[in-house]
Amino acid sequence: MKIHERYTIGRMLHGFLLVLFVLAVLFSLTSLLDELKDVGQGRYAWPDAFLFVAQTVPHRILDLVPLAALLGGILALGTMGDANELVAIRAMGVSAWRFALTALKAGAVFTLGALLVAEFVAPPLQKSADTRRTMAIHDTGALRVERGFWFRDGNRFVKVAQVLPGRRLADVVIYEFDEEGRLRQRTRASEAVVEDSGRWLLQGVRREILAGDEIRFVDEETAPWESSFGPAFVDLTLLAPESLSISDLFLYVQSMRERGQVDESYRLRLWRLLGLPLSTGAMLLLAIPFTFALGGSSSGLRMALGCMVGAAGYALDRIGGHIGMLGGVSAVLTALAPGAIILVVAAILMRRVR
């Protein structure tokens, strides 16, 4: 790698991180103001709101990566242009497309870091933040474990391995104890549906009834079960798509498909993360002709116009996602279309760069 390429990559990465930090602070302040509206509900206090916002910063950053690539690219290239460094690099015989390739290398490093955050950092923090917030506001008294939860209902302890959309619960185990604390019965159900009335309809049921020193087994296809934890509680414990890593989202979507269920919000989140290299690369490529075309303008004007273009792209992605889900459009198309459109526009503009 040549010296000017290393220098360009370093300047662009610095621009990406600087803009990403500023955007994360601004969006976090907005989120904090929104959270303060819930302070006072249940056990939810000011420290809880601050902690929630802090823990959700990595997730917020993931949504801002493409926008940070555009604005960071404009900032870095604009600074290099003001110092006549771009003129010197172009005088060395570096074409616009070759320069774009160098910029995309910086974008690849930036995107790789974002994907690592999406897989290992953001999901556990988002899950912890959502759980703490839900338990504090609604004071449910349940214990979250991975994608399921434990709770106590009278003399019964219930374990749910996984919460699925549509108020469906997978691998439910109910332990019933007598007044002296001895296990009386264990009921396992492969699946349970929580009805609007609050009744649970267990499916694929196997009961193990303890009577003295004997254990009696009873198998049933379906069995109703009354619980004080109804549909509202189940809705609260359902993991949001943002709480799952890329690998977990893939397994979750596969699991729903095998059960004949479809929830486009999870598929949309998965494909948005998988499409992050496309959207980030497209925004970064757009920054190059954008900067060259406004090379004689002030840095403030370049950033202002960049913010307008970036905001339009961000809105296109967000609004397009909701419209696509409502209109029954494939999550793959909905997630990748904005990045593809921006990439085409950037490629056309790149052809005009001299």
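Table for the structure above
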{"item": "Unique residue being modelled with pLDDT under 90, within 29 Å of Met12 (Cα to Cα), in contact with a Leu (Cβ under 8 Å, 6 or more places away or on another chain) and in a helix (DSSP H, G or I) when the list is Leu316, Leu305", "result": "Leu305"}
{"item": "Residue ranges of strands (runs of 3 or more DSSP E) in region 179-230 with at least 3 members farther than 17 Å from Lys159 by Cα", "result": "199-211, 214-226"}
{"item": "Ile341 vs. criteria within 20 Å of Ala68 (Cα to Cα), of a type in the set (Val, Ile, Thr), surrounded by 12 or more Cβ atoms within 10 Å (Cβ to Cβ) and under 27 Å from the mean Cα position of the chain (by Cα)", "result": "yes"}
{"item": "Region 7-56, residues that are exposed (fewer than 13 other Cβ atoms within 10 Å of the Cβ) and either among the charged types (D, E, K, R) or not assigned by TED's automatic domain parsing to the domain that holds Cys307 (or both)", "result": "Asp34, Lys37, Arg43"}
{"item": "From the options Gly328, Gly300, residue that is out of contact with any helix residue (DSSP H, G or I) (no Cβ under 6 Å at 6 or more places or on another chain) and at positive phi", "result": "Gly328"}
{"item": "Among (1) at pLDDT below 90; (2) in a helix (DSSP H, G or I) - the single one Ile342 does not satisfy", "result": "(1)"}
{"item": "Members of region 166-185 that are more than 38 Å from the chain's Cα centre (by Cα) and among the acidic types (Asp, Glu)", "result": "Asp178, Glu179, Glu180"}
{"item": "Within region 243-265, considering residues that are crowded, with 22+ Cβ neighbours inside 10 Å and of a type in the set (Ser, Thr, Tyr), the one farthest from Gly306 (Cα to Cα)", "result": "Tyr252"}
{"item": "Some residue of region 88-109 being crowded, with 21+ Cβ neighbours inside 10 Å, over 16 Å from Ala282 (Cα atoms), assigned by TED's automatic domain parsing to the domain that holds Ala293 and under 22 Å from the mean Cα position of the chain (by Cα)", "result": "no"}
{"item": "Residue check, Gly281 assigned by TED's automatic domain parsing to the domain that holds Asp82, under 18 Å from the mean Cα position of the chain (by Cα), surrounded by 16 or more Cβ atoms within 10 Å (Cβ to Cβ) and farther than 30 Å from Leu169 by Cβ", "result": "no"}
{"item": "Answer residue from region 295-335, given it is surrounded by 18 or more Cβ atoms within 10 Å (Cβ to Cβ) and of a type in the set (A, V, I, L, M) and is nearest to the chain's Cα centre (by Cα) among those", "result": "Ala335"}
{"item": "Pick from region 151-168, criterion farther than 30 Å from Glu214 by Cβ and outside any loop (DSSP other than H, G, I, E, B), ranking: modelled with the lowest pLDDT", "result": "Leu164"}
{"item": "Options Arg6, Arg43: the member that is assigned to a helix (DSSP H, G or I) and among the basic types (Lys, Arg)", "result": "Arg6"}
{"item": "Condition broken by Ser228, with the remaining ones in (1) assigned by TED's automatic domain parsing to the domain that holds Val121; (2) loosely packed, with under 12 Cβ neighbours inside 10 Å satisfied", "result": "(1)"}
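Yes/no matrix, rows are residues, columns are (1) under 19 Å from Val160 (Cβ atoms); (2) out of contact with any Gly (no Cβ under 8 Å at 6 or more places or on another chain); (3) surrounded by 15 or more Cβ atoms within 10 Å (Cβ to Cβ); (4) modelled with pLDDT of 95 or more:
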position	(1), (2), (3), (4)
Glu179	no, yes, no, no
Arg188	yes, yes, yes, yes
Glu191	yes, no, yes, no
Val194	yes, no, yes, no
Leu202	yes, yes, yes, yes
Val205	yes, yes, yes, yes
Ile209	no, yes, no, no
Asp213	no, yes, no, no
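The values are calculated or read from the model by the stated rules, or taken from the named source; none is laboratory data. Since we're looking at a predicted model, the values are computed, not measured. Cβ atoms come from the backbone with ideal geometry, glycine included; neighbour counts cover every protein chain shown.
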